[in-house]
Amino acid sequence: MRALPADDMPDPERPSSLRRADVHGRNEDHRRDEPLPPWIIPPAEGFRAEDLDHLPQLPSHAELIDGRIVLVSPQSFFHMLTVSLLEGALRLQVPEGLRVSREMTVTLADRQRPELDILVVDAKGVTGRDQTSFKPEHVVIAVEVVSQESEIRDRERKPQLYAEAGIPHFWRVENSDGRPMVCVFELDAGTRKYVATGIHHDRLKLTVPFDIDIDLTEIDRL
């Protein structure tokens, strides 16, 4: 992994050289001496995937997209319930050799390390309890539950990145009157783009990549 330059690391003896004035291009005397965390301003070439493991004071669930750190807003109750519903059902149905995880990053490329809401991964990609990211070749299903603040990322940029990385299955989950609506996509290996294979409202029943049967109305009872 690439370690951050020593100048970027916090020094308990002196505040960071990054000041509020550096961000806004002007002095703000009342806040001039307030230190900013090193990750506020990306380097010219952008952050790299391994930087997420070393940046000090980085908030939880931060992800890297196109070399820039994206911070996640507090999630809604619908988002939490939907992730719990799908995660629990998938854990009961995955075949031997696959594992289900939630809120883990996937290192897609040098400057791409998004965090997925749910992943189904090949057990061979699990390297240990201190693991912080998966490789795309081990991801079987990538699931994103769309939030208001992440609509463009979840509907456009992230699926594009997952397809380019070769992840074979992608689910985009929308809020449809308080219940999850699952839009299922499968990778066209020739074009490296996703093809929609179905939209599921009350029940998610699939045979690919394995037999899946999830009662989506169960969210009303969680």
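When you look at A44, is it closer than 30 Å to D154 by Cα, open to solvent by 80 Å² or more (accessible area, probe 1.4 Å), out of contact with any helix residue (DSSP H, G or I) (no Cβ under 7 Å at 6 or more places or on another chain) and at pLDDT 50 or above, yes or no?
yes
Condition (residue is under 16 Å from L98 (Cα atoms), out of contact with any helix residue (DSSP H, G or I) (no Cβ under 8 Å at 6 or more places or on another chain) and among the hydrophobic types (A, V, I, L, M, F, W, C)) applied to the range 147-164: is it met by at least one residue?
no
State whether one or more residues within the range 142-149 are in contact (Cβ under 8 Å) with a residue 40 or more places away in the chain and touching a strand residue (DSSP E or B) at 6+ places or on another chain (Cβ under 6 Å).
yes
From the residues in the range 153-199 that are polar (S, T, N, Q) and out of contact with any Ser or Thr (no Cβ under 9 Å at 6 or more places or on another chain), which one is farthest from L222 (Cα to Cα)?
T191
Anything in the range 57-104 that is polar (S, T, N, Q) and either free of Cβ contacts under 8 Å to residues at least 12 places away in the same chain or under 21 Å from P209 (Cα atoms) (or both)? List them, or say none. Step through it out loud before you land on a result.
Our first condition is that a residue be polar (S, T, N, Q); within the range 57-104, this holds for 57, 60, 73, 75-76, 82, 84, 93, 101.
Across the range 57-104, the qualifying residues are S60, T82, S84, Q93, S101.
Filter the range 47-67 for residues that are in a loop (DSSP other than H, G, I, E, B) and modelled with pLDDT of 85 or more and give the result.
F47, R48, H54, L55, L58, P59, S60, H61, A62, D66, G67 - these are the residues of the range 47-67 that are in a loop (DSSP other than H, G, I, E, B) and modelled with pLDDT of 85 or more.
Name the strands (runs of 3 or more DSSP E) wholly inside the range 85-153 in which the number of residues that are closer than 19 Å to V184 by Cβ and open to solvent by 10 Å² or more (accessible area, probe 1.4 Å) is 3 or more.
So the answer is 98-106.
Would you be able to tell me the number of residues in the range 133-150 that are modelled with pLDDT of 95 or more and either touching a Leu at 6+ places or on another chain (Cβ under 7 Å) or within 26 Å of F78 (Cα to Cα) (or both)?
Counting residues in the range 133-150 that are modelled with pLDDT of 95 or more and either touching a Leu at 6+ places or on another chain (Cβ under 7 Å) or within 26 Å of F78 (Cα to Cα) (or both) gives 11.
Can you pull out the residues in the range 202-222 that are open to solvent by 30 Å² or more (accessible area, probe 1.4 Å), part of a strand (DSSP E or B) and in contact with a helix residue (DSSP H, G or I) (Cβ under 9 Å, 6 or more places away or on another chain)? Explain how you work it out, then say what you get.
At the first step, the residues of the range 202-222 found to be open to solvent by 30 Å² or more (accessible area, probe 1.4 Å) are 202-203, 205, 207-209, 211, 213, 215, 218, 220-222.
Narrowing the set further to residues that are part of a strand (DSSP E or B) leaves 203, 205, 213, 215.
Within the range 202-222, R203, D213, D215 meet the criteria.
Output yes when any residue across the range 168-189 is part of a loop (DSSP other than H, G, I, E, B), at pLDDT below 95 and open to solvent by 40 Å² or more (accessible area, probe 1.4 Å), and no when none is.
The answer is yes, given that some residue of the range 168-189 is part of a loop (DSSP other than H, G, I, E, B), at pLDDT below 95 and open to solvent by 40 Å² or more (accessible area, probe 1.4 Å).
The values are calculated or read from the model by the stated rules, or taken from the named source; none is laboratory data. What you see is a predicted model; the values in this text were computed from it and never measured. Cβ sites come from the backbone with ideal geometry, for glycine too, and all protein chains shown count toward neighbours. Ligands, DNA and RNA are stripped out before the accessible areas are found, and what is left, the full protein with its side chains, is counted by its heavy atoms. Shrake-Rupley method; radii C 1.70, N 1.55, O 1.52, S 1.80 Å.
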